[in-house]
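Read-outs: derived from the displayed coordinates by stated rules, not from any lab. Quick caveat: nothing in here was measured; it's all calculated off a predicted structure. We place every Cβ from the backbone using ideal geometry, glycine too, and count neighbours over all the protein chains shown.
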Amino acid sequence: MIQAIGLTSLSRRHQPPAVDDLTFEARPGRVTVLLGEPGSGKTAALRLMLRLDPGRGVALFRGRTLDRIPHPAREIGVLLGDVPGHPGRTARGHLRMLSAAAGVPAERADDVLEVVGLSGLADQRLGDFSLGMDRRLGLASALLGDPHTLVLDEPAGGLSPRETAWLHGLLRGYAAQGGAVLVTSRDPAEAARIADRVVTIDEGRLVADQEGTAFSGTRLRPRVAVQSPLANRLAHVLAEEADSADERLGGPPVEVVREGGSRLFVYGSSCAVIGETAYRHGILVHRLAEETVDTGPVAPLRRADGRGSDGTTDEAGEDGAPDGPAVPEAAARSGLRHRLPAPSPAWPLRYELRRATGVRTGWGVSGGALVVSVLASVLLARAGAAPASRLLTGWPLWLPLPPAAFAAGLLGALSFGQEFRYPALAPDQGTVPRRLGLLGAKLAVSAGTALLLALTALGLDAAALRTLFGATVPLLPGGWGAALVGWASLVLGCAWAGLLAAGLFRSTALGLVAVLAVPTLVVPVLGGALSRPEARSLIGLPERLRSAALVRWPSGLDQGIEAALRLMSQPIGWALALSLAGLLGAYVLTVIRGRPR
């Protein structure tokens, strides 16, 4: 059950709020339609309910506010507009990624694809989907967590009559199983066709809250559509006879509406009366039809992939639509509602792994960085003026960062940047949920990717140099252990800097700018500060720590601390450490400030 109480959006400059003190209910087992013209505040009301926009009022889902629901995707299925998925991701890959975010098994993706009739198109990329397929995938995303409530914003917008009939059948089947369905619509006829209850709003305020039958009787009227080459004359005759009939009998008023050209609409009359009137006055009529609110049963589209519920290809009926069972029966048989296991604590890590590997962008960036690194190392060795550390990392002096570190920073920025560009987690408290668990998963995956990229770059560069130049190029620098740790730390620091900056500034480009700002802006400033004569040294810190320790530590730990201090004494080390500390602190602060109160 949904209870919206006093929803009010923030006032806009010199304009009234988009939603003003809106209160209504959507009960389980029923379809509730939020009806209004474009700009009436329907979408704004849904965004207020889902805590996507700031405002006043409260929305309760089975008696709890959204911030009190531990796993919103498992209790509330949401579809706001088109599916916010990466166009290069497949339908199955997109749903499996979302299943990890919702804490449900990956097999659930195939179940909901079967429910919405897309199992035959599971490996097709989202960029190739039509509008109807996109709507079906959006419903599959909303049903993924087996929610008790569906909140959909104009899901039938732009669909054909048969696709709309399929959608209505699925929603009716969901409500018949006890789910609460709240949809918005701008079409009164659609509201009367599907709704058990219609909530009408205008300019953000409640206008009417009616049962579906009462809405049909008060809001919609039957009419007769007439087409005639003498439409103006027929309208004049009908108006005169209606006035005389009103004076004699006092019956219901007859209203004639001219649409221009040869068409007109008559309210409060019938085809028989209009036909007899036209016959008596010798007026030719080309079309005469009664129009009602419901256009009658429409053969719904069963599946978008043309397959039957048993996996065979459907045979088309007379109207070209595939034959098959009714939508509610097919949905029930496919497992529209069933119990799901409890979510695992590892769901953020699974989500991030599927997000990072589901598109080609990351693979392309990594491959390109490795190729550039090998080419740069070969050119430096051919010139014969670079030290071994520059040769192995493919780092010319005129580049602020080596190719592998730059790619790691770009991949880190993409891990949050793609979230904001294609907000797959939009229904879950904001464009991207600012959770520390999700942040930890992104840090872990980006760290593994950065370290793998760093080691692969070293291996490929060394192999290329040894193959082309043999032993004439020295590849093992002195103190190789500390150099290796420093190289890995540089790549890892760039990856984390890009990730945190992109999450903080909501942009891949700004995340990459933050990565490039470390060597170009922060390092020169810190280098000047650390090179001053009065700058103090950390020499002797390992011995002082050993003497202050309560337990005896291994002797090898001293060498590790000394190596770490040598790395930190470099300006790039201080710059990365300070940048990461500042970005992490700012991100955690946004998490704390963004929590509902």
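Across region 1-153, Cα pairs under 8 Å and at least six residues apart give a relative contact order of 26 percent. For Arg186 and Leu521, a Förster radius of 60 Å and the Cβ-Cβ distance give a FRET efficiency of 0.70, rounded to the nearest 0.05. The alpha-carbon atoms of region 7-87, seen along their principal axes, cover 40, 37, 25 angstrom, with the largest extent given first. For region 341-406, the square roots a ≥ b ≥ c of the C-alpha gyration tensor eigenvalues yield an a/c of 1.5 or more together with a/b exceeding b/c, which makes the shape prolate.
Taking 2.2 N^0.38 Å as the expected size of a compact globular protein, what ratio does the Cα radius of gyration of region 120-265 give against it, to two decimals?
Values: Rg = 21.4 Å, N = 146, 2.2 N^0.38 = 14.6 Å.
Working it through for region 120-265, the quotient is 1.47.
On the basis of the beta-carbon distance and an R0 of 56 Å, Thr467 and Gln124 show a calculated FRET efficiency of 0.85.
Rounded, prolate or oblate, given the Cα gyration tensor of region 154-219, with a/c below 1.5 counting as rounded? Numbers along the way, then the final one.
Numbers: a/c = 1.73, a/b = 1.38, b/c = 1.26.
Cα axes put region 154-219 in the prolate bin.
In order along region 398-412, phi translates into HN-Hα couplings of 7, 9, x, 9, x, x, 5, 5, 4, 5, 5, x, 5, 5, x Hz, rounded to whole numbers, per the Karplus curve 6.51 cos²θ - 1.76 cosθ + 1.60 with θ = phi - 60° and x for Gly and Pro. Put a dot 7 Å past the Cα of Arg68, heading toward its Cβ, do the same for Val588, and the two dots end up 2.9 nm apart.
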